[in-house]
Amino acid sequence: MIEFQQVTKKYGNNTALDRLDLQIKTGEIFGFLGHNGAGKSTTIKSLVSVIEPTSGKIIVDGKELSANRLEIKKRIGYVPDTPDLFLQLSAGEYWDLIAAAYELPTDKKKERLEELAGLFDMLSHQEEAIGSFSHGMRQKAVLIGALLPDPDIWVLDEPMTGLDPQAAYDLKEMMKRHAARGNTVIFSTHVLDTAQQLCDELAILKKGELIYNGNTDDLLAQSPGESLEAIYLKMAGRQSDGNTLARLEGEAHE
Ligand SMILES: Nc1ncnc2c1ncn2[C@@H]1O[C@H](COP(=O)(O)OP(=O)(O)OP(=O)(O)O)[C@@H](O)[C@H]1O
Ligand SMILES: [Mg+2]
């Protein structure tokens, strides 16, 4: 179980996250939704120790994150919101670096790489620089690196962005399997169909505030016959969107 207790993150006067209270159960797929700038990546980066909250506590299986960072970090596989990292390294060198940091035995590394890089069609690109990769290939390289040490907690910030349909499908199946084995999968997405398909529980953020947290099925049951997209837009979207769109259309025809 992962708990956020009154977690606040401020950047100067901007409150990116406002007293977030949240519980994420082990064995679940948990999704973060919200418009651009809502605070999804801020929440995720706080959990993976990339940033430190201004106040509040994050507790992982009863242990406070700030007092147990190294131990908890080793349990987490993190895919950041941008895959543009270590561009000078080859994919193989990047994976070696991660394997060394996690003290992964050579045979285990080989086995995991064959499985993951094989699945994502990246084995033949091991010698190539990450900087020469397309966006989707970089995303795959980062994903393979994050999952290489076989962490029990997956924290994936918009992981499907740029992936081809096959890779996106494979990743979704992997997420389901990982959670079904009693592990935790946390991710953010703008693709509401994906959220509807995958998430046991959802958190919807709006301007740093949690506006919904609960079971995906319960949320859908509140508005029978409506898609998650329709429900989400009612909760997080603009009130007067029709007017704005009509005005823009009018201007375009002038
Ligand atoms: N390094 C930073 N310095 C200053 N402000 C930041 C920084 N990172 C994020 N913010 C601010 O924090 C708020 C939340 O940003 P965050 O990246 O968490 O949003 P998000 O929900 O992940 O959005 P997106 O869907 O665009 O990825 C925004 O107002 C953003 O401007
Ligand atoms: Mg983000």
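The values are calculated or read from the model by the stated rules, or taken from the named source; none is laboratory data. Computed from a prediction, not measured in an experiment: that's the story for all the values here. No Cβ is skipped: glycine too gets one built from the backbone with ideal geometry, and neighbour counts run over all protein chains shown. Calculation scope for accessible area: heavy atoms of the full protein, side chains included, ligands and nucleic acids excluded. Shrake-Rupley method; radii C 1.70, N 1.55, O 1.52, S 1.80 Å.
So the values come out like this:
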quantity: Conditions (1) within 16 Å of ligand 1 (Cβ to nearest atom); (2) aliphatic (A, V, I, L, M); (3) open to solvent by 10 Å² or more (accessible area, probe 1.4 Å): number failed by Met174; calculated: (1)
quantity: For Asn183: the one exception among (1) modelled with pLDDT of 95 or more; (2) within 16 Å of ligand 2 (Cβ to nearest atom); (3) more than 12 Å from the chain's Cα centre (by Cα); calculated: (2)
quantity: In region 17-65, residue nearest to Gln5 (Cα to Cα) [restricted to those that are part of a strand (DSSP E or B) and within 16 Å of ligand 2 (Cβ to nearest atom)]; calculated: Leu20
quantity: Residue match in region 102-125 (condition: away from ligand 2 (no atom under 16 Å from the Cβ) and touching a strand residue (DSSP E or B) at 6+ places or on another chain (Cβ under 8 Å)); calculated: no
